[in-house]
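Written below as structure tokens is the structure these notes are about.
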């Protein structure tokens, strides 16, 4: 996973608010309810008492959270099934004093870390009253210059808004309907072609190629990596490679197109980056098996391509193994920059240059897979995107229900960052990253010990099934 600038402080702050470093023991009060009903009742009570709340994961944060446990302050609250109400000292009651920092805690600037008062995973609530121009410029500089790295880096700071929610359970819209042009039996038949043992075999192929345990850009086995991925796509697809320069090193994006029927020039993109870390160095020759990041996503990509090859779809589907994600989303950015020229040949067999020039392929939507097989606690997947992509999220959530029988939870975050969905979202295209929950807690992240024995194949397989159903629905929706 890679870090990229996307969020900036954009508003003036109250100039006479208190400044200076926060007491590191100061936290924002929070409640951890049991179940969605308790959570809803808690947030309604907070609003009735005239305060604000924000929710990160299961925790509801509010300036008045500590008082809610007092029966004389909120006599009806004792009916709630709360497992925790924090007793920590309140920093401030004004929501204008709070922000959300995105990225791993260790990657946050020290002056931001010291003001963290809550949050989890890669989402942190920051208390920073009276942020001055100097501090604001420090934030801007750190974000603008973070063009390499990973999801544990600092990606930006945004205002905290009333009712903010992140890493919460996701349900499809109440009026969701599956596409009429896709028979449910055809979708189920495609998903039934997926086999867990095939997912394991694909991952084993990817973690060691041509005798080297690396897929890092510039490694001596990179041509063998390109070949192995290309050959794993169905022979019936239109396959090609795109030349990409990654930090002055030659590399390739690998494409395989399943041609649509009634709307072939509209493309659903399914992507996963294949490059791994640690970066290749001729002196150290460090191993970079990249089982979780992102062999797991590429194994799923290859299985999905083979599972849907015989299902008629209105739109075309292009499966792309991206390079250069770790160096700065380079492969996905270059794919989008040249998508028209890359995809047009797949629509005309032996077409002339004149005919190719008359075709204008367009991107309908995208699903990106990155880190799909690290399990902590229950089986769960995060749908990370912006609010313009809710229909993609709906297809994913409903596909998950159908094909995984409720065994895997879907959570969501609109604080998107740090993977190959970002170039699509930056162009206001619909795109969703499917990534295992708790991604920031994987202990072997970007290490030579990112090996098969540390991933959970069942989780990777469940996400594969969910994504397979979703891409078929996207390719067939009206």
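Values quoted throughout were computed directly from the atomic coordinates according to the rules given, and no laboratory measurement underlies them. Everything numeric in this text was worked out from a predicted model, so none of it was measured. Positions of Cβ are generated from backbone atoms using ideal geometry, with glycine treated the same way; all protein chains shown enter the neighbour counts.
Between residue 32 and residue 348, what FRET efficiency follows from the Cβ-Cβ distance if R0 is 41 Å, with the result rounded to 0.05?
0.10
Which value in nm describes the separation of the simple spin-label points at residue 96 and residue 388, placed 7 Å from the Cα toward the beta carbon?
The two pseudo-label positions are separated by 3.1 nm.
Counting pairs of alpha carbon atoms under 8 Å apart in space and at least six apart in sequence, what relative contact order in percent does the range 184-476 give?
This gives 24 percent for the range 184-476.
Report, in deg cm²/dmol and to the nearest 500, the calculated mean residue ellipticity at 222 nm for the chain, where each DSSP H run with n ≥ 4 adds -39500 (n - 2.57) and the sum is divided by the residue count.
Helices in the chain give a 222 nm mean residue ellipticity of -8000 deg cm²/dmol.
Among 125-133, 411-419, how do they line up from the highest to the lowest mean number of other beta-carbon atoms within 10 Å?
So the order, starting with the most tightly packed, is 411-419, 125-133.
FRET efficiency for residue 454 and residue 338, Cβ-Cβ distance as r, R0 = 25 Å, nearest 0.05?
For residue 454 and residue 338, the calculated efficiency is 0.10.
What does the extension gain come out to for residue 134 and residue 201, with contour length at 0.36 nm per residue minus their alpha carbon separation?
That pair, residue 134 and residue 201, stretches by 18.8 nm at full extension.
Report the label-to-label distance for residue 266 and residue 181 in nanometres (one decimal), using points 7 Å from each Cα along the Cα→Cβ vector.
Here the answer is 0.6 nm between the modelled labels.
Counting pairwise Cα distances across the range 90-226, what percent come out greater than 19 angstrom?
70
Hey, what angle do you get for helix 390-404 against the long axis of the chain, alpha-carbon based, 0 to 90 degrees rounded to 10?
Rounded to the nearest ten degrees, it is 80.
Expressed as cubic angstrom per residue, what is the convex hull volume of the alpha carbon set of the range 265-324?
Enclosed volume per residue, from the Cα hull, is 83 Å³.
Stokes-Einstein diffusion coefficient for the range 223-268 at 10 °C in a medium of 1.306 mPa s, Rh from the Kirkwood formula over Cα pairs: what value in µm²/s?
Value of D from the Cα-based Kirkwood radius: 131 µm²/s.
Calculate the FRET efficiency for residue 171 and residue 284 from the Cβ-Cβ distance with a Förster distance of 45 Å, rounded to the nearest 0.05.
The calculated FRET efficiency here is 0.40.
Just for the range 184-476, what percent of DSSP beta bridges are antiparallel, to the closest 5?
45
For the range 252-401, what is the relative contact order in percent, using Cα pairs closer than 8 Å and at least 6 residues apart in sequence?
With pairs under 8 Å counted, the relative contact order is 36 percent.
If the viscosity is 0.890 mPa s and the temperature 25 °C, what translational diffusion coefficient in µm²/s does Stokes-Einstein give for the range 184-476 when Rh comes from Kirkwood over Cα pairs?
In µm²/s, the coefficient rounds to 131.
Where the convex hull is taken over the Cα atoms of the range 317-430, what is its projected area averaged over directions, in nm²?
8.8
Tell me, in nm to one decimal, what length is gained between residue 405 and residue 376 on full extension, where the rule is 0.36 nm per residue of separation less the Cα-Cα distance?
8.5 nm
Taking all pairs of distinct Cα atoms, average 1/r, flip it, and tell me the Kirkwood hydrodynamic radius of the range 163-313 in Å to one decimal place.
17.7
Using per-residue counts of other Cβ atoms within 10 Å, averaged over each peptide, order 303-309, 191-197, 216-222 from highest down.
303-309, 216-222, 191-197
Residue separation times 0.36 nm, minus the C-alpha to C-alpha distance between residue 111 and residue 227: what's the value?
37.1 nm
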